[in-house]
Amino acid sequence: MLNKNVLARDPTSYRLADGGVAKVAFPPDAEQKAILREQLETFVCEGAYADALRRMLDAFNAAAGRRGDVPAAWISGFYGSGKSLLAAMLGALWTNLEFDGGATAEGLVQNMPSEVRAALRELRANAKRLGGLLVGGSTLGRGAQHPVKAILEVILSATGLPSGNDLRPPLVALWLQEQGLLVDVRASLGTDFDRAAREFLLDDTLATAALKAKPSLAPDIDTLMDRLGRQFEREPEPTVELLIDTARKALIAGRNEMPLTLILSIGAET
């Protein structure tokens, strides 16, 4: 008897969409979302995988809503042991990621243990009470190299704000939020918002939209451009204090409460 004959699915009849190497990217683009769907459909949620999911969810649920630090989890293991896959599955299940046709992350996982389902139900109940759910994740080192910038890049991307190596575009976006203009400016610029935010010192698109939304912001566009230039001329030093302050502002922007947030930071394999 051949090995393939004892498996639930003949591995010679198909190819894994991820090539056998799981990646962590939240929010996922269309390609990564298709990969996540296949990973969820084939995820063997038992043994160490199931126990790890339950332990992480139980620890977070126990701390949800309480003041103080929320426990972090460290996923360790040898190369190829499934660390990134576990993180990706947790990220997809955290918000119960939805797919075309009405499928959900939780619904795609076969034979999920009752203890894991119970922990996910508790997480959703906490989310209804405490401000919703949010997940962000990436492989550190593939974007910004500074650790503060790298973590902020994950958080800003998860919240839909401009992200990248330069901290000024997201800080300008958060300034718009403080002025009560972010929603209107984003609606006005649509898909051009990120570009306009990145080029706010060279292009008056963002300033024009802000002034249109709030004429009292400045006497004219030149005055507003000068104001933005003075306020955001230099990128601030990426300190821990800046990380905490910016993360809090980003997570609360447009919300009444800060969501229950999962940040997945994956170290690059060497």
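Structural remarks
- Being loosely packed, with under 10 Cβ neighbours inside 10 Å and at pLDDT 90 or above holds for only one residue in D69, D29, D51, and it is D29.
- Among the candidates A196, A209, the residue that is in contact with a Ser or Thr (Cβ under 6 Å, 6 or more places away or on another chain), closer than 14 Å to L171 by Cα and surrounded by 15 or more Cβ atoms within 10 Å (Cβ to Cβ) is uniquely A196.
- Checked against the criterion of being small (G, A, S) and surrounded by 18 or more Cβ atoms within 10 Å (Cβ to Cβ), segment 217-225 has no qualifying residue.
- Close pairs (7 angstrom Cβ cut-off, 6 or more residues apart or separate chains): at negative phi and in the same structural domain as L57 (by TED's automatic domain parsing) in segment 109-120, assigned to a loop (DSSP other than H, G, I, E, B) and among the charged types (D, E, K, R) anywhere: P113/E46
- Of the residues making up segment 62-77, none is within 16 Å of G136 (Cα to Cα), within 17 Å of the chain's Cα centre (by Cα) and part of a helix (DSSP H, G or I).
- Any hit, segment 222-238, residues being charged (D, E, K, R) and under 25 Å from T95 (Cβ atoms): no
- Among the residues making up segment 130-150, a single one is crowded, with 18+ Cβ neighbours inside 10 Å and among the charged types (D, E, K, R): K149.
- Meets criteria (of a type in the set (V, I, T), touching a residue at least 12 places away in the same chain (Cβ under 8 Å) and either more than 30 Å from D245 (Cβ to Cβ) or in contact with a helix residue (DSSP H, G or I) (Cβ under 8 Å, 6 or more places away or on another chain) (or both)) for V154: no
- F26, sole failed condition from (1) out of contact with any helix residue (DSSP H, G or I) (no Cβ under 9 Å at 6 or more places or on another chain); (2) closer than 26 Å to L156 by Cα; (3) aromatic (F, W, Y): (1)
- Filtered residues of segment 131-168 (kept if modelled with pLDDT under 95, part of a helix (DSSP H, G or I) and more than 14 Å from the chain's Cα centre (by Cα)): P147, V148, K149
- Among the candidates L123, L93, residue that is crowded, with 17+ Cβ neighbours inside 10 Å, under 22 Å from I263 (Cβ atoms), of a type in the set (A, V, I, L, M, F, W, C) and touching a residue at least 60 places away in the same chain (Cβ under 8 Å): L123
- Considering residues of segment 32-48 that are assigned to a helix (DSSP H, G or I) and in contact with a helix residue (DSSP H, G or I) (Cβ under 6 Å, 6 or more places away or on another chain) only, the residue surrounded by the most Cβ atoms within 10 Å (Cβ to Cβ): L36
Conditions tested, residue by residue: (1) assigned by TED's automatic domain parsing to the domain that holds P236; (2) farther than 24 Å from S138 by Cα; (3) modelled with pLDDT of 95 or more; (4) in a loop (DSSP other than H, G, I, E, B).
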residue	(1), (2), (3), (4)
P170	yes, no, yes, no
D184	yes, yes, yes, no
A197	yes, no, yes, no
L202	yes, yes, no, yes
A207	yes, yes, yes, no
S216	yes, yes, yes, no
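- Subset of segment 179-221 (residues that are of a type outside the set (A, V, I, L, M, F, W, C) and in contact (Cβ under 8 Å) with a residue 12 or more places away in the chain): Q179, G180, D184, S188, D192, D194, R198, D204, T205, T208, K212, K214
The values are calculated or read from the model by the stated rules, or taken from the named source; none is laboratory data. Because the structure is predicted, anything quoted here is derived from the model rather than measured. Cβ sites come from the backbone with ideal geometry, for glycine too, and all protein chains shown count toward neighbours.
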